[in-house]
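The values are calculated or read from the model by the stated rules, or taken from the named source; none is laboratory data. If you're wondering where the values come from, they're calculated on a predicted model, not measured in any experiment. Positions of Cβ are backbone-derived with ideal geometry, glycine not excepted, and every protein chain shown enters the neighbour counts. In case anyone asks, the SASA skips ligands and DNA or RNA and just uses the protein heavy atoms, side chains included. Shrake-Rupley method; radii C 1.70, N 1.55, O 1.52, S 1.80 Å.
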Amino acid sequence: MTKIKRPIVWKLILSIGLPLLVIYSTILFLNFKWNKSSAIEQMKDYLVELTSHNASTLNTDFTKIAQYPIGISKMLEVMAEPDEKEIFNLLIDLVKSDSLINSMAIAFEPYSFAKKKRFAPYVYREEGRILTTDLTKDYDYCSADWYSIPMLLKKPYWSEPYYSRTEDNTLQVTFSVPIYKNNKFLGIASANISLEKLRETMENIHIMGGYIFMISQYGTYIYHPNEKDIMRETIFSKAVTYNFNQMRIFGREMIKGKKSVEPFNDPIKGIKQWIIYTPIVSCNWTLAAVIPEREILDVVYSRIIKQMGVMILGYLVIMLTVVWVAFNITNPIRNLMKKTERLATGDLDVQMVNIRGEDEIHELAMVFNKMVIDLKHYINDLTNATKARESVESELRIARHIQESLIPRIFPPFPHRKEFSLFARNIPAKEVAGDFYDFFFLDEDNLALIIADVSGKGVSASLFMAVTKTLIKAKANYVDSPETIMSQVNYDLCQENDAAMFVTTFMAVLNVKTGSFTYCNAGHNNPYLIKANGEIMQLENTEGMALGIIDDCNYTSNKITLKKNDMLYLYTDGVNEAMDIDGNEFSYAKMEEFLKKLGESTPRETIEITMNAVQGFTKNAEQSDDITIMALRVLMLKDNIK
Amino acid sequence: MKKKIFIIMILVLSAAIHSQDSQELQSVKFGLHWFPQAQFAGFIMAYEKGFYEAAGLDVQLEFFDGSGSPLNKLVDGEVDFCTAWLSQTIALKSEGAEIVNLCQILQKSSLILVAKKDSGIEKPEDMNGKRISLWSGDFSIQPTAFFSKYSIEYEEVPQSYNIQAFLADAWDVASAMYYNEYYKIILSGVNTDELNAFFFSDYDLNFPEDGIYCTEATINQKSELCREFCAASLKGWEYAFNNKKETLTIVMNYCDKHKMQTNLAAQSWMLQVIEESMKYQTGENASFWGILAEHDYNQVGEILLEQGLIKSIPPYQDFYKGRQK
């Protein structure tokens, strides 16, 4: 079977599968893009919300605690000379009132309180109890940041976080407010807040895959999941250690109190991360969250993978359907193809194609089946017709054989006769010819010559010719004048000649001894007489028309005398009317041209020359009519011998 | 009986060997004038890499712990060697303390004055009328000389051990050690180009700082030991500068052990600045790599004299007993 280079299955797979693949990929890609950006937006919103919420909670706490030292500063501004006990009681009441406060102090500028060099009442919590002391015992607070900075700045100050000296080394932050009375600096009121609670709060915030951290106003880590970094590293020192300048840029934005959500490439972990930072306004700290983009995208990826799974499944189903449909279409076609190929090899016994359904393929199969049936009928008819034709052809062959046997074909016909030389030839245009010639001796000296051309061709013509020939020969047994024979034969032929056939006939009787030549021409072409000196002439016509037309037609004869070496040239119109491919006739003129040049040619040579001339003229054109020629040359006359 | 004698012989012999061991490794106490940090990286590395031991010394590093200064401990005989500032020791020597300089470590002043550019302080004169924080004691000698040189009137405020008041803009100008506080400012988010730093070395007020000291008695009695100790210390420094990564790891371990609130970035900077200072050389005859040149010594002495901190400059030959060029 023929190998198909581009099967329909592949065409369908390519034309449906490829575009579908492109569409699916595009959908997946766009889905991923949209999902990704929406996931990032959601994550941003969530983290901004989370950090903002916590920052605002802390801010509220800090703002609230800040109110206590501010309250004290305002109170001392208006209080008239409070004593030590009143001051301590004030502090004890405040520390008791708010569990967020770890300790409070009022540190007086030297000699500002009751002429004491230094006085710094301090109230603090220790193991649930509230204790009091004077900070003067411990150190010269005047150089401490929490004292000197608000004093110099003349405004409240949130200290950097620090590890407490007095208590159990917890991380603390101090809010200090300068106290003025009558525009004179009196000292500092301060509240300390433990950051332990803050740390617990921070530890309880969990961000998937990420972490949060908090930095002070100068970038120091106050909270970081890596505990070692707290109070030791700043965001800027980390930036140096990891040679990560973007971190320094983030840090500078943070300590300026900026708020932002930004992606960045983390050189430490080598991944893309997002940072969200938001300020705690009161103390100018920053709460920040860092989350790997991968964490956000993992959700998107898993969603996309699920989608991809569904799409691949769908794609497979579609492609299987396509293949199934394609085979449903191509299988019957292949089946038809196989059958057609068998049909082409001539096998008409192929089974009928059976295809269900009512589609085009079914129609095609129906048409194919009808074609097979029609073809069978046609082949049958053709076989019969061929048989019939063959039988006709064989009958025609037989007819031709019979006809051929009617015409004398042995030359020289009378070998013992030296008086003349005779040659004739008949070349039929169709299988069976309508021309004929004949010659026979009527007696010892008189030779009858006949040449005739039956109207029409084929079997009927040949039958008519056979009848004519037989009649002439039969009549010649009793009569020896040609005009009588013609007359009688004409009469006989006219009887029951329903087919209205006729035959032009030239008959002559030559006395081979005397050269006397009597002829009767019944509508035939006049033969040529080629004299010994090379002169040529057509014989004069005689009365009478072609045989078989009118039964009482009158025929006459002429009589001439032939001399030694004279040649008679008898022919049918197949010679002078021979046509070339353009329909031009050979003509008498051309005949006469070569007849003049014959010289001493024998009859056989003359006929050969004639045939060559005719063929040279007609070339490849089909022979249109029978060609019959008979030539006789007188060799010696008895009278002359005498 | 014979057995007893044999045992006694073995005991005596082993004791002799043991005493020979302790003779080889001579116990030395070395007081360092601050908490452990990269400022002492060379000494730490000399100890850690066994350079002291190789020199036959069993050195005990005694970092400052908030109690008395190592220099006082040296005078009191509590330590054999100590580190101290040149200005500090010249003053002490002029008061009659029997101490000598064996090796000058830091050649260039790390003490600087620093101001934020936005305060408008671009040159010394701009400090007029500004609030300037100063550390007490020797840390105020160069600033005082600087202010008098440029006739600067200023408001002095005491400076604590951190720079938060500076960051909070409570001070206009702060004292800072270039290897320490200056970088803390940077690590608090201020950029270098936002600061103006005044190096005293740029104003003919260069004070070589850290040096190794011992008593006159020690140098007189154990000059070889002193020489070995200094050589091993300098070898430690050389190693520290050639192997910074390893050095910083070890230094950070020391810092952790002493609960120092520092970080790798800060210590790395410190080591770098210390290296620059040790290799600092102002001229052909200037001090360099462990050597205290007479010119530098006299320059410091004269400033001390000017400020009335000493009555006379102790002779250079009595003060410096270290290696000469």
Problem set entry | Spans of helices (runs of 4 or more DSSP H) in region B:177-274 with at least 1 residues within 14 Å of chain A (Cβ to nearest Cβ) | B:181-186, B:244-257
For this session: Any residue in region A:30-49 that's among the aromatic types (Phe, Trp, Tyr): show its pairings with residues that are modelled with pLDDT of 85 or more at Cβ separation under 7 Å, as long as the two are six or more apart or on different chains.
Result: A:32/A:304
For this session: Residue by residue through region A:573-618, note down the ones that are within 14 Å of residue A:425 (Cβ to Cβ), open to solvent by 40 Å² or more (accessible area, probe 1.4 Å) and among the polar types (S, T, N, Q).
Result: A:602, A:612, A:615
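For every residue, the table says whether it meets (1) of a type in the set (Val, Ile, Thr); (2) modelled with pLDDT under 90; (3) surrounded by fewer than 17 Cβ atoms within 10 Å (Cβ to Cβ); (4) over 60 Å from the mean Cα position of the chain (by Cα).
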position	(1), (2), (3), (4)
A:486	no, no, no, yes
A:509	yes, no, no, yes
A:512	yes, yes, no, yes
A:521	no, no, no, yes
A:526	no, no, no, yes
A:555	no, no, no, yes
A:564	no, yes, yes, yes
A:571	no, no, no, yes
Problem set entry | Unmet requirement for residue B:122, which otherwise passes all of (1) over 19 Å from the mean Cα position of the chain (by Cα); (2) buried (at least 23 other Cβ atoms within 10 Å of the Cβ) | (2)
Seminar exercise, completed: Out of (1) buried (at least 23 other Cβ atoms within 10 Å of the Cβ); (2) more than 26 Å from residue B:266 (Cβ to Cβ), the one residue B:173 does not meet is (2)
Problem set entry | Candidate set from region A:197-220 (those that are aromatic (Phe, Trp, Tyr) and surrounded by fewer than 23 Cβ atoms within 10 Å (Cβ to Cβ)); member that is nearest to the chain's Cα centre (by Cα) | A:211
Seminar exercise, completed: Restricting region A:132-148 to residues that are within 14 Å of another protein chain (Cβ to nearest Cβ) and surrounded by 19 or more Cβ atoms within 10 Å (Cβ to Cβ), the one farthest from the chain's Cα centre (by Cα) turns out to be A:141
Exercise. Does residue A:344 satisfy the criteria of being more than 30 Å from residue A:216 (Cβ to Cβ), aliphatic (A, V, I, L, M), buried (at least 17 other Cβ atoms within 10 Å of the Cβ) and not assigned by TED's automatic domain parsing to the domain that holds residue A:257?
Worked result: no
Exercise. Quick check: is even one residue across region A:170-187 without any contact (Cβ under 8 Å) to a residue 12 or more places away in the chain, part of a loop (DSSP other than H, G, I, E, B) and touching a strand residue (DSSP E or B) at 6+ places or on another chain (Cβ under 9 Å)?
Worked result: no
Exercise. When residues of region B:125-139 are filtered for being open to solvent by 10 Å² or more (accessible area, probe 1.4 Å), within 27 Å of the chain's Cα centre (by Cα) and touching a residue at least 24 places away in the same chain (Cβ under 8 Å), how many remain?
Worked result: 4
Seminar exercise, completed: From the option list A:559, A:564, A:513, single residue qualifying as in a loop (DSSP other than H, G, I, E, B), charged (D, E, K, R), under 30 Å from residue A:489 (Cβ atoms) and assigned by TED's automatic domain parsing to the domain that holds residue A:493 is A:513
Exercise. Hey, does region A:203-215 have a residue that's closer than 21 Å to residue B:256 by Cα and of a type in the set (Val, Ile, Thr)?
Worked result: no
Exercise. So, in region A:221-271, of the ones that are more than 60 Å from the chain's Cα centre (by Cα) and away from chain B (no Cβ under 11 Å), which residue ends up most open to solvent (accessible area, probe 1.4 Å)?
Worked result: A:227
For this session: With the checklist (1) surrounded by 16 or more Cβ atoms within 10 Å (Cβ to Cβ); (2) more than 30 Å from residue A:221 (Cβ to Cβ); (3) under 16 Å from the mean Cα position of the chain (by Cα) in hand, flag the one item residue B:279 doesn't pass.
Result: (1)
Exercise. Here is a list of conditions, (1) small (Gly, Ala, Ser); (2) free of Cβ contacts under 8 Å to residues at least 60 places away in the same chain; (3) open to solvent by less than 20 Å² (accessible area, probe 1.4 Å), and residue A:621 meets all of them except one; can you say which number that is?
Worked result: (3)
For this session: Output the number of the condition that residue A:173 fails; it satisfies all remaining conditions of (1) touching a Cys at 6+ places or on another chain (Cβ under 9 Å); (2) away from chain B (no Cβ under 11 Å); (3) more than 24 Å from residue A:56 (Cα to Cα).
Result: (3)
For this session: Considering only residues that are assigned to a helix (DSSP H, G or I) and open to solvent by less than 80 Å² (accessible area, probe 1.4 Å), look in region A:394-409 and name the one that is farthest from residue A:327 (Cα to Cα).
Result: A:406
For this session: Report, by residue number, each residue of region A:272-291 that is in a strand (DSSP E or B) and either open to solvent by 10 Å² or more (accessible area, probe 1.4 Å) or in the same structural domain as residue A:42 (by TED's automatic domain parsing) (or both).
Result: A:272, A:274, A:279
Exercise. Within region B:53-77, which residues are in contact with a helix residue (DSSP H, G or I) (Cβ under 8 Å, 6 or more places away or on another chain) and not small (Gly, Ala, Ser)?
Worked result: B:57, B:58, B:59, B:61, B:62, B:63, B:64, B:71, B:75
Exercise. Among the residues of region A:77-92, is any more than 29 Å from residue A:220 (Cα to Cα) and within 14 Å of chain B (Cβ to nearest Cβ)?
Worked result: no
Seminar exercise, completed: Taking region A:191-217 and keeping only residues that are within 30 Å of residue A:93 (Cβ to Cβ) and outside any loop (DSSP other than H, G, I, E, B), one is left with A:191, A:192, A:193, A:194, A:196, A:197, A:198, A:199, A:200, A:201
Exercise. Quick one: how many residues across region A:555-598 are farther than 16 Å from residue A:615 by Cα, aromatic (Phe, Trp, Tyr) and touching a Phe, Trp or Tyr at 6+ places or on another chain (Cβ under 7 Å)?
Worked result: 1
For this session: Would you list the strands (runs of 3 or more DSSP E) that sit entirely within region B:59-168 and hold 1 or more residues that are within 14 Å of another protein chain (Cβ to nearest Cβ) and in contact with a strand residue (DSSP E or B) (Cβ under 7 Å, 6 or more places away or on another chain)?
Result: B:111-116, B:131-134, B:155-158
